[in-house]
Amino acid sequence: MAEFIPRVFSGVQPTGNLHLGNYLGAITKFVDLQRTHDCIYCVVDLHAITVPQDPRQLKASIREVTAAFLAAGIDANQHIVFNQSQVAEHAELAWVFNCVARMGWLNRMTQFKEKAGKDRENASVGLFAYPCLMAADILLYRATHVPVGEDQKQHLELSRDIAQKFNLDFAESIAANGHGEAFFPLPAPLIQGVATRVMSLRDGTKKMSKSDPSDNSRINLSDDADTIAQKIRKAKTDPDALPSEIEGLGKRPEADNLVGIFAALNGQSKAEVLADFGGRNFSTFKSALVDLAVTKLVPIGTEMKRLTEDARHIDGVLAQGAARAREIARETMVAVKDIVGFVH
């Protein structure tokens, strides 16, 4: 078997209005992984256009996500930060994978069904095929690990299926070109921490989302201290005190969500939070959560605002990262072309 460098790849869509769910579910994990892995973090703008976008807003959102990466503590000098569309090999490898993946595999993707809704005939081909692009994003860098939320596990499993089928379909050519028994690794998921899925502040059974019509359902990274405090105090709860044991959160989605948010922001487990707040009422707990959220999030929002006002700096970070990413991507595509049988 080929030896693969332990490498993390992950991406965030530039959809605007980054919120607490994006921060706790993805960005904080990215920051932590820098200490232990070789990391590549991508603003996946090619994925964004699978649904209609305002071009001016898209450009602003790409810069906003980059600013959030930097403000949260991602080191763009030690690791690679770039936007996907600057590295053409993403689309090039995605086409090869379109020819490896099978329609039945893509038909099973639940996110396509959710995003396309009832009118699937009107959905773009890109929306249907974008799991192949996601596989290309990861495998272009021969990444071994991918931090994912629960809702992305299915797409990562598809990436593994595509990698495995490529390795099997071209096994003879892979060996003949000196790559051993397998060219692509089978990337493993990294699901870390207690708040991998942050829920709405208005409904603990729904994921926190920028598309929710109520702004009180989410904490935006751009919110100031007063807005954060107001949203937490208005967050939906139930009439009972917090339980002392984690089992007591089982049928209390709003309580479970707020405890999970506190735990993630404070670097604790839910059990540790309940050891401190079990038996107390929500007003006491929410006051503590307000103080913690304001302390953790306001400096990030302030730094994001400062960075987004300097578009030239952000664009420079992305260009530098894209140049570094391109070196790895080009090497992979040269090998893929040899394996597939292209003349280049």
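Read-outs throughout are calculated quantities, based only on the coordinates presented, and are distinct from any laboratory measurement. Keep in mind the model is a prediction, meaning the values are calculated, not measured. Positions of Cβ are generated from backbone atoms using ideal geometry, with glycine treated the same way; all protein chains shown enter the neighbour counts.
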Task: Label point distance in nm, Q230-D54, each placed 7 Å from Cα along Cα→Cβ - done: 2.2 nm
TODO: Would you kindly calculate the mean projected area, averaged across all directions, of the convex hull enclosing the Cα atoms of the range 289-343, in square nanometres?
DONE: 6.7 nm²
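How long is the gain from E92 to W105 if the chain were fully straight, where each residue apart is worth 0.36 nm and the alpha carbon distance is subtracted?
On the way: separation 13, 0.36 × 13 = 4.68 nm, distance 2.04 nm.
Working it through step by step, the gained length comes to 2.6 nm.
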TODO: Please report the Cα spread of the range 141-282 along all three principal axes, rounded to whole Å, starting with the longest.
DONE: 67, 33, 24
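Quickly rank 99-110, 235-246 as a protection proxy: mean count of other C-beta atoms within 10 Å, highest first.
Working: 99-110: 13.3, 235-246: 15.2.
Packing proxy ranking, top to bottom: 235-246, 99-110.
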TODO: Sort all Cα-Cα distances of the range 1-133 into consecutive 10 angstrom bins from zero, then give the percent of pairs in each bin up to the one containing the longest distance.
DONE: 11, 35, 37, 16, 1
TODO: Please determine, in degrees from 0 to 90 and to the nearest 10, the orientation of helix 282-308 with respect to the longest principal axis defined by the Cα atoms of the chain, where the helix direction is its Cα long axis.
DONE: 40 degrees
Task: Residue order, fewest to most surrounding Cβ atoms within 10 angstrom, among C132, C42 - done: C132, C42
Open item on the list: Suppose each label sits 7 Å from its Cα in the direction of the beta carbon; what would the E303-E331 distance come out to in nanometres?
Closed with: 3.0 nm
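Say R0 is 30 Å: what FRET efficiency, to the nearest 0.05, do A241 and K206 get from their beta-carbon distance? Intermediate values should be presented prior to the final figure.
On the way: r = 24 Å, r/R0 = 0.81.
Given R0 = 30 Å and the Cβ-Cβ separation, E is 0.80.
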TODO: Go from 0 up to the bin containing the longest alpha carbon distance in the range 109-194, width 5 Å each, and give me the % of pairs per bin.
DONE: 3, 14, 20, 19, 16, 13, 9, 4, 2, 0
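Size of the dipole of the range 215-306 about the Cα centre, Lys and Arg at +1 and Asp and Glu at -1 on the beta carbon, nothing else charged, in debye to 20? Intermediate results must be reported in sequence, preceding the final value.
Values: 13 positive and 14 negative charges, 49 e Å.
That gives a dipole near 240 debye.
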- [ ] Once you have the Cα-Cα distance between R312 and R35, take 0.36 nm times their residue separation minus that, and quote the gain in nm to one decimal.
- [x] 96.9 nm
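Rank these for me by crowding, V12, V273, going from fewest to most other beta carbons within 10 Å.
Numbers: V12 20, V273 24.
If I rank by nearby Cβ atoms, fewest first, I get V12, V273.
Taking only the alpha-carbon atoms of the range 215-306, what semi-axes of the equivalent ellipsoid follow from 5 times the gyration tensor eigenvalues under a square root, in whole Å, largest first?
24, 14, 10
R0 = 30 Å: FRET efficiency of T284 with E121, Cβ-based, nearest 0.05? Don't skip to the answer; put the middle values down first.
Numbers: r = 53 Å, r/R0 = 1.77.
For R0 = 30 Å, the calculated efficiency reads 0.05.
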TODO: Answer with a single label: of (1) 68, 44, 43; (2) 56, 46, 42; (3) 89, 44, 32, which was calculated as Cα extents along the principal axes in Å from the structure in view?
DONE: (1)
TODO: About the Cα centre of the chain, how large is the charge dipole given +1 on each Lys and Arg Cβ and -1 on each Asp and Glu Cβ? Please answer in debye to the nearest 20.
DONE: 600 debye
